[in-house]
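The values are calculated or read from the model by the stated rules, or taken from the named source; none is laboratory data. Model, not experiment: these values are computed from the prediction. Every residue, glycine among them, receives a Cβ derived from its backbone with ideal geometry; neighbour counts consider all protein chains shown. Surface accessibility is based on the protein's heavy atoms, side chains included, excluding ligands, DNA and RNA. Shrake-Rupley method; radii C 1.70, N 1.55, O 1.52, S 1.80 Å.
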Amino acid sequence: MAKNVKINGITYNEVTEIKIPLAENPDTMAVFPDTTDADAAAGNLLAGKSAYVNSKKVIGTMPDNGAVDGSIATADGAYNVPAGFHSGTGTVKIAQAEKEKLIAGNIRSGVTVLGVEGSSNVNDTTLSATAAAAADVMKGKQAWVNGSLVTGTATTPVISLTDGVLSIA
């Protein structure tokens, strides 16, 4: 925002800066810009840095966090970015222990989690009231039912015909 400046009785309109030659070196100018439209506050400047705002020196208070790294370890996890300046070189990623669990053998078939497809060997075994019981599975055979391993107890019936009598045991 330019100002009107009066020097030796002469008014200069819309002045955006004033340049005055330095006494020790007249070829070098001291420049005084109009700062009335500046609006930076201490929190907008890095700690230890300074600037002039509306003709007043402001010392910065914003922390310089440099590279910021973080990790997320749960599905609901979040990383809270600290206030301040960041160098742009930090990373936020899934915690290593959680990444190691993201393998096909831990993911049900037909499901993809973070780009890892589930294994065809991992199936949903949840069944309703029609689920098999041990008596429905042949003796010595096994099946997974509702997440539990079931060992069969069913036997093959023995059919015999003796003296014209049919027996099933």
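Starting from the range 71-92, keep only residues that are closer than 23 Å to residue 61 by Cα, then list their pairs with residues that are open to solvent by 80 Å² or more (accessible area, probe 1.4 Å) whose Cβ atoms are within a distance under 8 Å, requiring at least 6 positions of separation or different chains.
Sorted first by the residue in the range 71-92, then by its partner, the pairs are 84/64; 85/64; 90/69.
Just one of 132, 154, 78, 104 is over 30 Å from residue 40 (Cα atoms), in contact with a helix residue (DSSP H, G or I) (Cβ under 6 Å, 6 or more places away or on another chain) and of a type in the set (Gly, Ala, Ser); which is it? Even if it seems obvious, please write down each step before you answer.
On the way: 132 fails: in contact with a helix residue (DSSP H, G or I) (Cβ under 6 Å, 6 or more places away or on another chain); 78 fails: in contact with a helix residue (DSSP H, G or I) (Cβ under 6 Å, 6 or more places away or on another chain); 104 fails: in contact with a helix residue (DSSP H, G or I) (Cβ under 6 Å, 6 or more places away or on another chain).
On inspection, the qualifying residue turns out to be 154.
Going by what's in this entry, would residue 127 be described as in contact with a strand residue (DSSP E or B) (Cβ under 9 Å, 6 or more places away or on another chain), closer than 30 Å to residue 65 by Cα, at pLDDT below 90 and open to solvent by 50 Å² or more (accessible area, probe 1.4 Å)? Even if it seems obvious, please write down each step before you answer.
Details: in contact with a strand residue (DSSP E or B) (Cβ under 9 Å, 6 or more places away or on another chain): yes; closer than 30 Å to residue 65 by Cα: no; at pLDDT below 90: yes; open to solvent by 50 Å² or more (accessible area, probe 1.4 Å): yes.
No: the conditions fail for residue 127.
Quick one: residue 2 ticks every box in (1) open to solvent by 70 Å² or more (accessible area, probe 1.4 Å); (2) more than 42 Å from the chain's Cα centre (by Cα); (3) not basic (Lys, Arg) except a single one, so which number is it?
Going through (1) open to solvent by 70 Å² or more (accessible area, probe 1.4 Å); (2) more than 42 Å from the chain's Cα centre (by Cα); (3) not basic (Lys, Arg) one by one, residue 2 breaks only (1).
Determine the pairs where a residue that is over 21 Å from residue 122 (Cα atoms) and part of a strand (DSSP E or B), located within the range 132-155, has a partner that is of a type outside the set (Gly, Ala, Ser) and open to solvent by 80 Å² or more (accessible area, probe 1.4 Å) with Cβ atoms under 7 Å apart, the partner being 6 or more residues away or on another chain.
Close Cβ pairs (under 7 Å, with a partner that is of a type outside the set (Gly, Ala, Ser) and open to solvent by 80 Å² or more (accessible area, probe 1.4 Å)) amount to 154/136; 154/138; 154/139.
When you go through 116, 53, 58, 68 one by one, which is the residue that is surrounded by 13 or more Cβ atoms within 10 Å (Cβ to Cβ) and touching a Phe, Trp or Tyr at 6+ places or on another chain (Cβ under 8 Å)? Break it down into steps so the answer makes sense when it comes.
Working: 116 fails: touching a Phe, Trp or Tyr at 6+ places or on another chain (Cβ under 8 Å); 53 fails: touching a Phe, Trp or Tyr at 6+ places or on another chain (Cβ under 8 Å); 68 fails: touching a Phe, Trp or Tyr at 6+ places or on another chain (Cβ under 8 Å).
58 is the lone residue from the list that is surrounded by 13 or more Cβ atoms within 10 Å (Cβ to Cβ) and touching a Phe, Trp or Tyr at 6+ places or on another chain (Cβ under 8 Å).
Among the residues of the range 25-45, is there at least one that is at pLDDT below 90, β-branched (Val, Ile, Thr) and not in a loop (DSSP other than H, G, I, E, B)?
Looking through the range 25-45, at least one residue is at pLDDT below 90, β-branched (Val, Ile, Thr) and not in a loop (DSSP other than H, G, I, E, B).
Check whether at least one residue in the range 72-87 is touching a strand residue (DSSP E or B) at 6+ places or on another chain (Cβ under 6 Å), open to solvent by 60 Å² or more (accessible area, probe 1.4 Å) and either over 30 Å from residue 147 (Cβ atoms) or small (Gly, Ala, Ser) (or both), and report yes or no.
Step one: filter the range 72-87 for residues touching a strand residue (DSSP E or B) at 6+ places or on another chain (Cβ under 6 Å), giving 72, 79, 84-85.
Add one more test, that the residue is open to solvent by 60 Å² or more (accessible area, probe 1.4 Å), and what stays is 79, 85.
If we keep only those that are either over 30 Å from residue 147 (Cβ atoms) or small (Gly, Ala, Ser) (or both) as well, we get 79, 85.
Yes, the range 72-87 has at least one match.
Can you go through 30, 38 and tell me which one is within 28 Å of residue 84 (Cα to Cα), in contact with a strand residue (DSSP E or B) (Cβ under 9 Å, 6 or more places away or on another chain) and either aliphatic (A, V, I, L, M) or touching a residue at least 24 places away in the same chain (Cβ under 8 Å) (or both)?
Numbers: 30 fails: within 28 Å of residue 84 (Cα to Cα).
38 is the lone residue from the list that is within 28 Å of residue 84 (Cα to Cα), in contact with a strand residue (DSSP E or B) (Cβ under 9 Å, 6 or more places away or on another chain) and either aliphatic (A, V, I, L, M) or touching a residue at least 24 places away in the same chain (Cβ under 8 Å) (or both).
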